[in-house]
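K.L.:
I have a structure here, written as structure tokens, and I will follow up with some questions on it.
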Amino acid sequence: MFSKLLHAFCLILLASSFTFVIGQDDKKVLAEVTVKAQDALYTELRGSSAANDAFSGDYATVSNVVLQQDLGTFTLKSGEIYFLKPSAGRVTGAVFIGSGEFSLTPPTPVEQSAIAIFTGGPGIKEAFTGLEMFFTDKTFDDLKAMPGVTMAKAGPQAEKARGLYRAREAVLRQQLHSNIDSRILADVYAPARHGFFTTFIDGEHFNKLVYTVDPQGIPDVYPEQVALISYGDTDGGIWTAFHMSTNTSAAPP
């Protein structure tokens, strides 16, 4: 089960070069581009969190904010969100510090039975104290526009946020063997595509959960586009995986 988890998050391991689609019309490939490992934007993405001021720009104070990611609901009851400084004009990371709750009920009886192995019921409702988010979708813009969000600059916990984010980057690279930066780069070079969303959930009972929504599909459970996994020692594995509730795999009109 745990080996399956590792394969599911090996998105694209970058060596000297890699190739990816830069545009799609339904199932029809419009173009491809090959990017070298020395690509300047890739290098920038790989090192974006290393700067001391990486999270000292935009941050938000939140109160009873609901972030919906497909069937996964994140209720941010109180706290602060620190946003990674933009690369190529796009914000691709954020850290929530505070009090919240994650809830998810898979859409089919089979998947409800699968998640029940770990939760004891057909879904999950988990209190959390933090989220470390990686994304290329509209999470940043959506959050800024929500009621209960107050934007400001240079928040008091910026350095703590940076430490949490870098710790999760290390998990992705060293434990899950996932090159999240190449996944981000693919969408940056394909701006017409719908982006992905991946977050670590610092839960009170389950503190090694990762929730992903990716319109391009998740490796190993392809063509499924939504997955909740754990990389814990005793509960590691794919808890549930299913198709997105709305088909956004093609480029938006």
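K.L.:
Out of everything in the range 172-183 that is among the aliphatic types (A, V, I, L, M) and modelled with pLDDT under 95, what residue ends up being nearest to Thr139 (Cα to Cα)?
P.N.:
Ile180
K.L.:
Met1 is checked against (1) closer than 24 Å to Leu176 by Cα; (2) at pLDDT 95 or above and fails just one. What number does that condition carry?
P.N.:
(2)
K.L.:
Please specify each residue of the range 136-151 satisfying the condition of being outside any helix (DSSP H, G or I), within 18 Å of Lys77 (Cβ to Cβ) and not small (Gly, Ala, Ser).
P.N.:
Scanning the range 136-151 gives Met146, Pro147, Val149, Thr150.
K.L.:
Within the range 103-133, which residues are of a type in the set (Ser, Thr, Tyr) and either more than 20 Å from Asp233 (Cα to Cα) or loosely packed, with under 15 Cβ neighbours inside 10 Å (or both)?
P.N.:
Correct list: Ser103, Thr105, Thr108, Ser113, Thr129.
K.L.:
Right, here's the next one. Against the conditions (1) modelled with pLDDT of 95 or more; (2) closer than 21 Å to Asn207 by Cα, where does Pro109 fall short? Just the number, please.
P.N.:
Condition not satisfied by Pro109: (2).
K.L.:
Pick out the one residue from Asp181, Asp202 that is over 16 Å from Phe135 (Cβ atoms), touching a residue at least 60 places away in the same chain (Cβ under 8 Å), charged (D, E, K, R) and crowded, with 20+ Cβ neighbours inside 10 Å.
P.N.:
Step by step, each of Asp181, Asp202 is checked, and only Asp202 is over 16 Å from Phe135 (Cβ atoms), touching a residue at least 60 places away in the same chain (Cβ under 8 Å), charged (D, E, K, R) and crowded, with 20+ Cβ neighbours inside 10 Å.
K.L.:
Could you check Ala154 against (1) more than 18 Å from Gly232 (Cα to Cα); (2) surrounded by fewer than 21 Cβ atoms within 10 Å (Cβ to Cβ); (3) touching a helix residue (DSSP H, G or I) at 6+ places or on another chain (Cβ under 8 Å) and say which number it fails?
P.N.:
Checking Ala154 against (1) more than 18 Å from Gly232 (Cα to Cα); (2) surrounded by fewer than 21 Cβ atoms within 10 Å (Cβ to Cβ); (3) touching a helix residue (DSSP H, G or I) at 6+ places or on another chain (Cβ under 8 Å), the one that fails is (3).
Conditions (1) charged (D, E, K, R); (2) surrounded by fewer than 15 Cβ atoms within 10 Å (Cβ to Cβ); (3) free of Cβ contacts under 8 Å to residues at least 40 places away in the same chain; (4) closer than 21 Å to Leu228 by Cβ, marked per residue:
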{"residue": "Asn64", "(1), (2), (3), (4)": "no, yes, no, no"}
{"residue": "Leu71", "(1), (2), (3), (4)": "no, no, no, yes"}
{"residue": "Thr75", "(1), (2), (3), (4)": "no, no, yes, yes"}
{"residue": "Lys85", "(1), (2), (3), (4)": "yes, no, yes, no"}
{"residue": "Thr92", "(1), (2), (3), (4)": "no, no, no, no"}
{"residue": "Glu101", "(1), (2), (3), (4)": "yes, no, yes, yes"}
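The values are calculated or read from the model by the stated rules, or taken from the named source; none is laboratory data. Please read these numbers as outputs of a predicted model, since none were measured by experiment. Virtual Cβ from ideal backbone geometry, glycine too; neighbours counted across all protein chains shown.
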